[in-house]
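Here's the structure we're looking at; comments come further down.
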Amino acid sequence: MNADLLLALEFSTEHASAALWQENRILATRQDEGAAPSERIWSLLESVLSMAQRTWSDLGGIAYGAGPGGFTGVRLACGIAQGLGLGLGIPLFPISTLECLTEVAPQPRIVVALDARMNQVYLAAYERQEEEWRECLPPQLCSPADLPDLPAGDWWGVGSGAVAWNTLLAARWGPRWQGTIPGLFPHATHIAALARRTRKRTAGVSPAAAQPVYLRQRVALTRAERGL
């Protein structure tokens, strides 16, 4: 076992990815664009280990995108991390799917919004303060009618929900909204980078204590709610 070797998983969107991190650098990473990552998940993980010439027994910890995000993907990442953590006797590092996008945000104030379907988004806001990011709006599930107030300043949007709702968000937040930065999505390399900093403050959690973050407890509307 190498305590510094960290496997990172991110399955909350259609861009399933895995990465291997050691001593402040990415050893290997791979992304799977398929629609059903659960069918190929082990080949994805094993290919990352093979690329880095490492084995399962070398791992010292596992970080995973804990959500919010796609229900199936978030549950899959947590379940895989728990199973590996239990089998290998190593700690887990649950990382916010929304917060991980701060790793690639080029602006100092960002609203992260991911498509949650059902005309809703998972949303949070962060502001850079020197080398750290401060959470200005906590992760929440939002509909168009219940978007929160945005703190003062100029804000940019990242994530699939921000791009899809750009016009709506501009109408809600007026001149504070500066538009979106397209093409950014959660990735295992972002999860690994945040987990590295988290490891400086905590030893992680036991596999039994690891949990996904759903925000929405229900994943479908009833017939009555759909007006059928």
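The values are calculated or read from the model by the stated rules, or taken from the named source; none is laboratory data. Note that the structure is predicted; figures quoted are calculated from it, not measured. Counting neighbours? That spans all protein chains shown, and the Cβs are built from the backbone with ideal geometry, glycine included. In case anyone asks, the SASA skips ligands and DNA or RNA and just uses the protein heavy atoms, side chains included. Shrake-Rupley method; radii C 1.70, N 1.55, O 1.52, S 1.80 Å.
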Exactly one of S17, S57, S50 is in contact (Cβ under 8 Å) with a residue 24 or more places away in the chain and not in a strand (DSSP E or B), and that one is S57
Consider region 117-133. How many of its residues are modelled with pLDDT under 95 and small (G, A, S)? 0
Cβ-Cβ distance below 6 Å, separation of 6 or more or different chains: which pairs start in region 190-216 with a residue that is farther than 13 Å from L92 by Cβ and end on one that is in a helix (DSSP H, G or I)? H190/C100; H190/E103; A193/E103; L194/C100
Residue hits (region 164-174; assigned to a helix (DSSP H, G or I), crowded, with 18+ Cβ neighbours inside 10 Å and out of contact with any Leu (no Cβ under 8 Å at 6 or more places or on another chain)) are none
When you go through (1) in contact with a strand residue (DSSP E or B) (Cβ under 9 Å, 6 or more places away or on another chain); (2) among the basic types (K, R); (3) free of Cβ contacts under 8 Å to residues at least 40 places away in the same chain one by one for R117, which number turns out not to apply? (1)
Six or more apart or on different chains, Cβ atoms under 8 Å: show the pairs whose first residue is in region 144-165 and on the phi > 0 side of the Ramachandran plot and whose second is of a type in the set (F, W, Y). G159/F185
Wholly within region 82-154, which strands (runs of 3 or more DSSP E) include no fewer than the required count, namely at least 1 residues that are surrounded by fewer than 19 Cβ atoms within 10 Å (Cβ to Cβ) and of a type outside the set (S, T, N, Q)? 121-129, 132-142
Examine region 175-182 for a residue that is at pLDDT 95 or above, surrounded by 14 or more Cβ atoms within 10 Å (Cβ to Cβ) and within 18 Å of the chain's Cα centre (by Cα), and state whether such a residue exists. yes
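Is one or more of the residues making up region 34-56 under 19 Å from L184 (Cβ atoms) and either in contact with a strand residue (DSSP E or B) (Cβ under 6 Å, 6 or more places away or on another chain) or among the β-branched types (V, I, T) (or both)?
So far as region 34-56 goes, no, none of its residues is under 19 Å from L184 (Cβ atoms) and either in contact with a strand residue (DSSP E or B) (Cβ under 6 Å, 6 or more places away or on another chain) or among the β-branched types (V, I, T) (or both).
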Any residue in region 20-40 that is in contact with a Lys or Arg (Cβ under 7 Å, 6 or more places away or on another chain) and part of a helix (DSSP H, G or I)? no
Can you go through R25, R40, R54 and tell me which one is open to solvent by 50 Å² or more (accessible area, probe 1.4 Å), at pLDDT below 85 and either touching a Gly at 6+ places or on another chain (Cβ under 7 Å) or not polar (S, T, N, Q) (or both)? R40
